[in-house]
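Chemist: So that we are looking at the same thing, I have put the structure below in structure tokens.
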Amino acid sequence: MRLRAEVLIAETPYVYGIPFRCEQELEVDGATLHPDFTFEGAGGKELCLEFCSTMDDPAYIEDRKCKRDAYESAGIVERGNIIHLYASGNDRDAMHVDGVVRTLVTPKL
């Protein structure tokens, strides 16, 4: 975990007793991906969470688009097996993580 917000994000599943891995290497159709967080979902299906910070930086946004395209090419798609959590680079954006874990992560586990 490289960002303070990622540490805050990691604390939430820990509090709920949800096991997770950070930046686990995933090999999918020849692509190597490293989602910020990976959970083992129902039936052993992987569920990924990507924290997208500094969404007010155009260069960062372009990088995220490329990464999102790589995920989609590998079959890792929003509303399926990945959740993207967006922020503009300040800690208060990470405060809604608890709701994301409870409403989007937990039901898929």
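Derivation of every value follows stated rules applied to the coordinates shown; laboratory data play no part. Please read all numbers here as calculations on a predicted model, not as lab measurements. Virtual Cβ from ideal backbone geometry, glycine too; neighbours counted across all protein chains shown.
Chemist: Which option, (i) 35, 32, 22; (ii) 36, 29, 26; (iii) 71, 28, 22, is the value of Cα extents along the principal axes in Å that was calculated from these coordinates?
Modeler: (i)
Chemist: In nanometres, what is the gap between the two model label sites at GLU27 and VAL100, each 7 Å from Cα along Cα-to-Cβ?
Modeler: Reported label-point gap for GLU27 and VAL100 is 2.9 nm.
Chemist: Also, I was wondering about something else. Can you tell me how much longer the chain between TYR14 and HIS34 gets when fully stretched, taken as 0.36 nm per residue apart minus their C-alpha distance, in nm with one decimal?
Modeler: 5.2 nm
Chemist: Sticking with this one: With only Lys, Arg, Asp and Glu charged, each at its Cβ (+1 for the first two, -1 for the last two), find how big the charge dipole of the chain is about the Cα centre; round to the nearest 20 debye.
Modeler: Its charge dipole is roughly 340 debye.
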